[in-house]
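K.L.:
One structure is given below, represented as structure tokens, and several questions about it will come after.
The values are calculated or read from the model by the stated rules, or taken from the named source; none is laboratory data. These numbers were taken from a predicted model, which means no experiment stands behind them. Heads up, the Cβs are rebuilt from the backbone with ideal geometry, glycines too, and the neighbour counts pull from every protein chain shown.
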Amino acid sequence: MRTYYAITLTEMDTFLRHRGFTPIHLPNVKEAVYSHVIDKNVCVRVYTGIVDGISRDRGEDAIRVATVKRLYTGKIIPIGARQSKVYRLENWKESLRTRIDNVIDFYYASLEGKQKTAV
């Protein structure tokens, strides 16, 4: 059985920055959030589950990965598959990398599908 791992903000920051993510501040969101732009007005966000530099306790919340788009009105909406969860276990880096890759691949595959149907 895998065990809970308390991820530090430094560990998460190093991991995500090496993949092109930058920290962002979102109103009414207490946890550390990182964003990486993948297309015009589209980014991948990682909601870390780390609040005030401390990883939430076991079972309180998972790391979540989501793709979001800014509409012309300024509103930001989730797009693509529902949020993907990563549990804070000793293999969190591998799992998070996989989830990030999956949501990016899904986004670009959906674009290709739209282009094929438009032709």
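K.L.:
Looking at Tyr72, Tyr34, Tyr107 in this structure, which one is within 14 Å of Met12 (Cβ to Cβ), of a type in the set (Ser, Thr, Tyr) and either exposed (fewer than 14 other Cβ atoms within 10 Å of the Cβ) or modelled with pLDDT of 90 or more (or both)?
P.N.:
The conditions single out Tyr34.
K.L.:
Can you tell me which residue is nearest to Ala109 (Cα to Cα) among those in region 13-31 that are at pLDDT 95 or above and hydrophobic (A, V, I, L, M, F, W, C)?
P.N.:
Across region 13-31, the extreme among qualifying residues is Phe21.
K.L.:
Among the residues of region 1-42, write down those that are part of a helix (DSSP H, G or I) and in contact (Cβ under 8 Å) with a residue 24 or more places away in the chain.
P.N.:
Leu9, Met12, Phe15, Leu16, listed by residue number.
K.L.:
Which condition number does Ile77 fail, the rest of (1) among the aliphatic types (A, V, I, L, M); (2) over 23 Å from Asp13 (Cβ atoms); (3) at pLDDT 95 or above being met?
P.N.:
(3)
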